[in-house]
1. Which ³J(HN,Hα) values in Hz, rounded to whole numbers, follow from the phi angles of segment 58-71 under the Karplus curve 6.51 cos²θ - 1.76 cosθ + 1.60, where θ = phi - 60° and Gly and Pro get x?
2. Near Tyr24, within a Cβ-to-Cβ distance under 13 Å, what is the net charge of the other residues, with Lys and Arg +1 and Asp and Glu -1?
3. Magnitude of the Cβ-charge dipole of the chain, K/R +1 and D/E -1, about the Cα centre, nearest 20 debye?
4. Just from its helices, what would the mean residue ellipticity at 222 nm be for the chain, if runs of 4 or more DSSP H residues each count -39500 (n - 2.57) and the sum is divided by every residue, rounded to the nearest 500 deg cm²/dmol?
5. Label-point separation (nm) for Glu73 and Ala59, each offset 7 Å from Cα along Cα-to-Cβ?
6. State the answer as a single residue: which of Ile68, Cys36, Tyr24 lies farthest towards the positive end of the charge dipole of the chain, with beta carbon charges of +1 for Lys and Arg and -1 for Asp and Glu, about the Cα centre.
7. Tell me the label only: which of (1) 30, 18, 13; (2) 24, 14, 14; (3) 26, 17, 11 is semi-axes √(5λ) of the Cα gyration tensor in Å as calculated from this structure?
8. With angles folded into 0 to 90 degrees, how steeply does helix 2-23 sit against the dominant principal axis of the chain? Use alpha carbons for both and round to 10.
Amino acid sequence: MQEELQEILNQAEVDFDRSQQEMYRPSTDVVLYSACFFARRALHHYLYYYYKKFDGPDADKSPHELTIQEMAEFCAKHDQRIGKIDFESMHCSRSDVLEDEEVFFCNHVDKVSSCKGLAEEMREVVYG
C-alpha cells in the first residue's frame with residue numbers, strides 16, 4: 001500500500017512541476033493547455049493520494065473513475081484542512097481528469113493560476 005501511495009504522490013509531483021514550469025514563462029509564452037491540464041491532474045492525484053490513504057469507499061477504483069468533488073468531500077471529513085480549500089473556484093466545467101478526456105482547458109492565465117493554486121494548497125496539505 002505504501003508503495004502505491006508513493007507512486008501516486010510521485011505522479012502528482014511530476015504534474016505539479018510541469019504546470020509550475022509552464023506558469024513561470026512570460027504570460028505571452030505560456031501554453032495554457034499544458035499548464036491547465038497538468039495543474040488539474042496534479043490536484044486530482046494529490047486528492048487521490050489522500051483518498052487512498054484514508055481508505056475511501058471506492059479506493060479500489062482507478063483515479064480516473066473518481067471525481068475531484070467526490071474525493072474532496074470524502075477527504076474533507078478526515079482532514080479539516082482539505083475542507084477549507086475552495087474547490088468551487090475551479091473555473092472549468094469539467095474538473096475531472098478522465099482517460100478519454102475531451103480537449104478542454106482554461107484560456108486565460110489567471111484562471112489557470114487559480115487551478116494551479118488549488119493544486120498547491122493540496123500539496124501543502126499532503127506535505128504539511
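No value in this document is a laboratory result; all are computed from the given coordinates. What you see is a predicted model, and the numbers here were worked out from it, not measured in a lab. All Cβ positions, even for glycine, are placed from backbone atoms using ideal geometry, and neighbour counts span all protein chains on display.
1. These are the phi-based 3J(HN,Hα) values: 10, 4, 7, 6, 6, x, 6, 8, 10, 8, 4, 4, 4, 5 Hz.
2. Numbers: positive: Arg18, Arg25, Lys116; negative: Asp17, Glu22, Asp29.
Local charge sum for Tyr24: 0.
3. Details: 14 positive and 26 negative charges, 87 e Å.
The calculated dipole for the chain is roughly 420 debye.
4. Numbers: 5 runs with 78 residues, N = 128.
It lands at -20000 deg cm²/dmol.
5. Modelled inter-label distance: 2.0 nm.
6. Tyr24
7. Recomputing semi-axes √(5λ) of the Cα gyration tensor in Å here picks out (2).
8. In the chain, helix 2-23 runs at an angle near 20 degrees to the longest axis.
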